[in-house]
1. When you look at residue 59, is it under 29 Å from residue 135 (Cβ atoms) and at pLDDT below 85, yes or no?
2. Do you know which of the residues in segment 70-92 that are within 26 Å of residue 125 (Cα to Cα) and without any contact (Cβ under 8 Å) to a residue 60 or more places away in the chain is surrounded by the most Cβ atoms within 10 Å (Cβ to Cβ)?
3. Just for segment 231-250: of the residues that are in contact with a helix residue (DSSP H, G or I) (Cβ under 7 Å, 6 or more places away or on another chain) and modelled with pLDDT of 80 or more, which one is surrounded by the fewest Cβ atoms within 10 Å (Cβ to Cβ)?
4. Pick out, from segment 14-88, the helices (runs of 4 or more DSSP H) lying fully within it that include 2 or more residues that are within 21 Å of residue 207 (Cα to Cα) and out of contact with any helix residue (DSSP H, G or I) (no Cβ under 9 Å at 6 or more places or on another chain).
5. Just the residues that are surrounded by 17 or more Cβ atoms within 10 Å (Cβ to Cβ) and touching a strand residue (DSSP E or B) at 6+ places or on another chain (Cβ under 9 Å), please, taken from segment 174-200.
6. Is it the case that segment 166-176 has a residue that's farther than 23 Å from residue 118 by Cβ, touching a residue at least 60 places away in the same chain (Cβ under 8 Å) and part of a loop (DSSP other than H, G, I, E, B)?
7. Could you look through segment 193-210, keep only residues that are part of a helix (DSSP H, G or I) and under 19 Å from the mean Cα position of the chain (by Cα), and pick out the one that is modelled with the lowest pLDDT?
8. Within the set of pairs 6+ apart or on separate chains, which have a first residue in segment 146-164 that is without any contact (Cβ under 8 Å) to a residue 40 or more places away in the chain and on the phi < 0 side of the Ramachandran plot, a second that is assigned to a strand (DSSP E or B) and surrounded by 19 or more Cβ atoms within 10 Å (Cβ to Cβ), and C-beta atoms under 7 Å apart?
């Protein structure tokens, strides 16, 4: 049964959770916000984050904002698929303790399902006047970012990558949402910085926090939170259609 999503500040849209039941969905992210979105959408899924080192070792110089988030979502998904390989390939004996623990964890979530795995990975950045604004390094960086965004319209771009295993089918797309941030007074800026709510969030803000100084102007709210559920639903629908047996006669 479809459930509502994108309820953070605007009109609800629907996500059909049954789309995820044709697969063993694996979220390749540590983000509690992405996890909450999938849970709220009614999805059954496991969590297997990518290794932080895959981002640090990836050459990213010269990429546009869309190219950057697309590339990082791709390399994150690739790393998770690599880590899933012991569960996809014929088992070896003896199994490593790590593989055995992963197998038990996935069995507790998916039971005896043999459906294909679908890894879901994302990367998000805020963009203002062509500058890519990732997660602030510290409080001073958060203040710099917020002063840049104050009183402006800016974008949040999210790269979404779905990677199936063992089929190795890959779907990639980039979603763009636009927001307006009201001008910050010095008092409001100081209070927000003191709250620490900017920590670990692209653009130094979290739309899901319900800040009254942020307003959506276009795009998906779930995209701003970090996982575009509409794009995910479209991609799962595409994969399900490709996996469906042909109804034509031979």
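The values are calculated or read from the model by the stated rules, or taken from the named source; none is laboratory data. On a predicted model such as this, the values are computed, not experimentally measured, just so you know. Cβ coordinates were reconstructed from backbone atoms using ideal geometry, including for glycine residues, and neighbour counts include every protein chain displayed.
1. yes
2. 79
3. Filtering segment 231-250 for residues that are in contact with a helix residue (DSSP H, G or I) (Cβ under 7 Å, 6 or more places away or on another chain) and modelled with pLDDT of 80 or more, the one surrounded by the fewest Cβ atoms within 10 Å (Cβ to Cβ) comes out as 237.
4. Values: elements: 32-40, 52-56, 65-88.
Fully inside segment 14-88 and qualifying: 32-40, 65-88.
5. If the condition is that a residue be surrounded by 17 or more Cβ atoms within 10 Å (Cβ to Cβ) and touching a strand residue (DSSP E or B) at 6+ places or on another chain (Cβ under 9 Å), then 174, 175, 176, 177, 179, 181 are the ones that fit.
6. no
7. Taking the candidates together, the pick is 208.
8. Taking only residues 6 or more apart or on different chains, the pairs are 150/181; 152/181.
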